[in-house]
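Student: Below: one structure in structure tokens.
The values are calculated or read from the model by the stated rules, or taken from the named source; none is laboratory data. Just so it is clear, the structure is predicted and the values come from calculations on it, not from any experiment. All Cβ positions, even for glycine, are placed from backbone atoms using ideal geometry, and neighbour counts span all protein chains on display. Note: accessible area is taken over every heavy atom of the protein model, side chains too, but ligands, DNA and RNA are not part of it. Shrake-Rupley method; radii C 1.70, N 1.55, O 1.52, S 1.80 Å.
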Amino acid sequence: MLDDDKSLHGSLAGTGTAFEEGLRALVGGALFGLVSPFVGHPLDTVKTKMQTEAKYQKMKIIPVIAEIWKADKIRGFYKGFVPPLVASSAYRSIQFSAYAATFSACEHVPFLAEPIPFTGGLRISVLLGACASAFARATIESPFDFIKVRKQTGSPWYIGDGSLKSMISPQMVRQLYNGYIPTLKRTLLLMGSFFILVDYSVRYIPDVINMPVYGPFFKGGICATAAWTFAFPFETVKNVMQADMTGKYSGKTSTQVMQLLYNNNGVRGLYRGFAPGASKLFDKQTFDECNALFCLFVTL
């Protein structure tokens with residue numbers, strides 16, 4: 001079980017009750033989520049187009065940016081902006097809240113709070129918190145992400161006549177959750193890697209983590225980018241499945257789609273669009289006042 005130690009004050013969850021830690025993370029994540037899309041969406045649009053549209057398949061990031069600007073100016077970069085704006089505050093608050101609540105509850109159970117042998121002090125509580133975070137985020141994010149990707153690529157996202165009845169039909173729900181499995185796999189790898197890296201950093205380099213500027217930058221920029229590296233192939237799979245209008249990937253599992261992408265373009269095909277995808281993390285984490293507030297909030 002965690003002690004109330006100065007070296008642990010940079011962690012993403014404290015040692016209060018599950019309710020207290022969940023509420024703190026809920027508020028901090030919501031603040032972050034409100035600002036995040038404004039900063040990160042333009043590069044997300046570049047990433048999605050590089051991954052899914054044939055026109056951009058052979059182009060590098062700068063030519064893609066130039067083409068988007070030439071076609072639609074600034075509006076082109078913010079296509080599909082509303083869905084993540086609506087969803088971001090919810091799923092980002094829930095992802096941190098779910099982690100903090102689960103982690104704190106587990107820290108009060110002795111065997112869950114004990115270090116796993118040969119892991120350098122990693123605890124089951126961190127792993128369970130990361131899993132709870134990933135499931136919560138993926139379930140909320142997936143339908144909004146589907147709409148976002150379709151709008152970014154200029155494709156229709158709904159079926160039927162757009163009436164309320166058609167929008168709440170089982171067919172529409174299945175449509176919106178197209179790509180849920182790769183979203184969940186991506187998010188498990190993303191959040192799992194992120195929380196594990198932060199946990200190790202808090203314990204092994206506390207002086208860095210607790211610094212007013214470099215600590216938040218390290219967590220948000222370095223740890224998040226490293227986690228994104230592990231998870232990114234499933235981000236690519238998710239996007240091509242959600243953008244597919246031809247039926248090319250219909251009926252295929254995320255593993256089969258990943259194999260197809262690998263067969264066609266090797267590892268580069270799985271990491272297509274990684275540069276803008278990783279760059280947006282630094283944009284959001286370094287320049288978002290909201291994230292700075294969040295990082296300050298969780299280190300108190």
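Student: Once you place label points 7 Å from the Cα toward the Cβ at Ala54 and Leu164, how far apart are they in nm?
Tutor: With each label placed 7 Å out from Cα toward Cβ, I get 4.1 nm.
Student: Could you tell me what % of all Cα pairs in region 219-271 have separations over 14 Å?
Tutor: 56
Student: Here's a follow-up. Suppose the chain between Phe118 and Arg268 were pulled fully straight at 0.36 nm per residue; how much longer would it get relative to their current alpha carbon spacing?
Tutor: Computed gain between Phe118 and Arg268 is 50.6 nm.
Student: How much FRET efficiency would the formula 1/(1 + (r/R0)^6) give for Tyr177 and Val82, where r is the Cβ-Cβ distance and R0 is 25 Å, rounded to 0.05?
Tutor: Working: r = 19 Å, r/R0 = 0.76.
With a Förster radius of 25 Å, E is 0.85.
Student: Here is a follow-up. Of the trypsin sites (Lys or Arg not before Pro) in region 41-115, which ones lie in a loop per DSSP and count no more than 11 other C-beta atoms within 10 Å? Each step should come with its number before you reach the end.
Tutor: Details: sites: Lys47, Lys49, Lys55, Lys58, Lys60, Lys70, Lys73, Arg75, Lys79, Arg92; in loops: Lys58, Lys60, Lys79.
Counting only loop positions with at most 11 other Cβ atoms within 10 Å, the trypsin sites (Lys or Arg not before Pro) in region 41-115 are Lys58, Lys60.
Student: In the full protein assembly as shown, how much of Trp69 is accessible to a 1.4 Å probe, in Å² to the nearest 10?
Tutor: My reading of the accessible area for Trp69 is about 120 Å².
Student: Now, a different point. Which number comes out as Rg/Rh for region 74-168 once both Rg and the Kirkwood Rh are worked out on C-alpha atoms? Write out the running numbers ahead of the final one.
Tutor: Numbers: Rg = 19.0 Å, Rh = 15.8 Å.
With Rg and the Kirkwood Rh in hand, the quotient comes to 1.20.
Student: May I ask you to list the lysines whose Cα is less than 21 Å away from that of Lys238, ignoring any residue fewer than eight positions away on the same chain?
Tutor: Cross-link targets: Lys47, Lys49, Lys55, Lys58, Lys60, Lys79, Lys148, Lys151, Lys185, Lys248, Lys252, Lys280.
Student: Give, as a single signed number, the net charge of other residues whose beta carbon lies under 9 Å from the beta carbon of Met50, with Lys and Arg counted +1 and Asp and Glu -1.
Tutor: Taking every other residue near Met50 into account, the sum is +3.
Student: Rank these by accessible area, largest first, 1.4 Å probe: Asp161, Asp145.
Tutor: Details: Asp161 120, Asp145 10 Å².
From most exposed to least exposed: Asp161, Asp145.
Student: Residues with beta-carbon under 12 Å from that of Gly76, excluding Gly76: net charge, scoring Lys, Arg +1 and Asp, Glu -1?
Tutor: Details: positive: Lys49, Lys70, Lys73, Arg75, Lys79, Lys151; negative: Glu67, Asp72.
Neighbourhood net charge equals +4.
Student: Summing Lys, Arg as +1 and Asp, Glu as -1, what charge do residues with Cβ under 14 Å from the Cβ of Arg268 carry, Arg268 excluded?
Tutor: +3
Student: What is the percent carbon and sulfur in the accessible area of region 55-104, measuring with a 1.4 Å probe over the protein chains and ignoring ligands?
Tutor: Numbers: 1710 of 2540 Å².
Of all accessible area on region 55-104, carbon and sulfur atoms account for 67 percent.
Student: Return one whole number: the accessible area per residue of region 166-211 in Å², for a 1.4 Å probe. Spell out each step's value before the answer.
Tutor: Numbers: 2110 Å² over 46 residues.
For region 166-211, the per-residue accessible area is 46 Å².
Student: Compare Phe232, Phe118, Phe77 by solvent-accessible area with a 1.4 Å probe and give them largest first, with all protein chains kept in place.
Tutor: Numbers: Phe232 0, Phe118 215, Phe77 20 Å².
The residues order as Phe118, Phe77, Phe232, largest area first.
Student: How big is the gap, in Å, between the Cα center of region 208-257 and the Cα center of region 58-122?
Tutor: Between the Cα centre of region 208-257 and that of region 58-122, the gap is 8 Å.
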